[in-house]
Amino acid sequence: MREAAAIAEEAGPDILDINYGCPVHKVACKGAGAGILLDIPKMVVHDCRNRQTCQYPRDSQNATGLESRHDSHRRGSERLQRHGIQAISIHARTRQQMYKGEADWSYLNLVKENPRLHIPVFGNGDIDSPEKAQEYRTKYNVDGMMIGRASIGYPWIFNEIKHYFATGEKLPTPDLDERLAVTKKHLDFSVEWKGEKQGILEMRRHYTSYFRGMPNFKTFRTEWSLRILMLKYVKSSTKSPKYMQVMSFDITRPQGIKG
């Protein structure tokens, strides 16, 4: 944990999020991820080590527990506060739920209503629209929210929610050209970070998310998948003429998609 915190600090973040929410069995059964909620002292030790290593503000994110009746947050949040954690994020699903079912934000009330807790409390789970964010913000009186799956393929959700909070108005959804531009940027980053082969392969499972809900897109899903596969055969850098030709708007914009 200390080594990871030191690496993260080099990037100059505004805040470090220490995530204890992973529900996957092979992680939790080893006492990591959501499994650490059964060992609050161990969680505190990890966070103290990060505090000694890194000077940035720290936020601790947790799943709601291994069982619905588990009171790990109420006890754990107080101890984390005493040891310098400056905010806590609560994912409103139990470990058994994995990523299924409805998030139960009533867990957050157990923490927010604790008179001994003075750090901000953020909520996480099922926030997928500005309207829902506003509803939950009012109903559960959280200090902020963390958004995960709803932002996959739709990074615009963050600005949409902030704009809605500030004005009460919804921003227009991004059109096809904007989605294409962001998809290309994502692919560039993926290739730069992972290398050409792995970067392209990983992008194949992400790119269709950028066009979810676009009229007529399903018809062209296979065609676009084949075009992504074409990039496997581009051996030069991402700035090469071949790469740019394959990823140009003229080639990647199938006829018939509206937007």
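Being part of a loop (DSSP other than H, G, I, E, B) and under 19 Å from the mean Cα position of the chain (by Cα) is the filter here; which residues of region 160-213 pass it? First the steps, then the outcome.
Step one: list which residues in region 160-213 are part of a loop (DSSP other than H, G, I, E, B), which gives 168-175, 195, 204-206, 212-213.
Answer for region 160-213, where residues must be part of a loop (DSSP other than H, G, I, E, B) and under 19 Å from the mean Cα position of the chain (by Cα): R204, R205, H206, R212.
Here are some residues: E192, E202, E178. Which one is over 26 Å from I127 (Cβ atoms) and charged (D, E, K, R)? Quick ask: steps written out before the conclusion?
Working: E202 fails: over 26 Å from I127 (Cβ atoms); E178 fails: over 26 Å from I127 (Cβ atoms).
The unique qualifying residue is E192.
Could you check region 174-192 and list, in sequence order, the residues that are touching a residue at least 24 places away in the same chain (Cβ under 8 Å) and either more than 14 Å from G213 (Cβ to Cβ) or not hydrophobic (A, V, I, L, M, F, W, C) (or both)? So that I can check it myself, show each step before the final result.
In the first step, residues of region 174-192 are kept if they are touching a residue at least 24 places away in the same chain (Cβ under 8 Å); the result is 175-177, 179-180, 182-184, 186-188, 191-192.
Hits for region 174-192 are D175, D177, R179, L180, V182, T183, K184, H186, L187, D188, V191, E192.
Please list, ordered by first then second residue, the pairs with beta carbon atoms under 7 Å, 6 or more apart or interchain, first in region 133-157 and surrounded by fewer than 16 Cβ atoms within 10 Å (Cβ to Cβ), second among the polar types (S, T, N, Q).
G148/N124; I152/S209
Return only the number of the condition from (1) in contact with a strand residue (DSSP E or B) (Cβ under 9 Å, 6 or more places away or on another chain); (2) surrounded by fewer than 16 Cβ atoms within 10 Å (Cβ to Cβ); (3) within 24 Å of Y207 (Cβ to Cβ) that I161 does not satisfy.
It is condition (2) that I161 fails.
Anything in region 93-121 that is within 21 Å of I157 (Cα to Cα) and in contact with a Leu (Cβ under 9 Å, 6 or more places away or on another chain)? List them, or say none.
V121
Only the coordinates and a few stated rules stand behind these numbers; no lab work does. All values derive from a computational prediction rather than experimental measurement. Neighbour counts run over all protein chains shown; Cβ positions are idealised from the backbone, glycine included.
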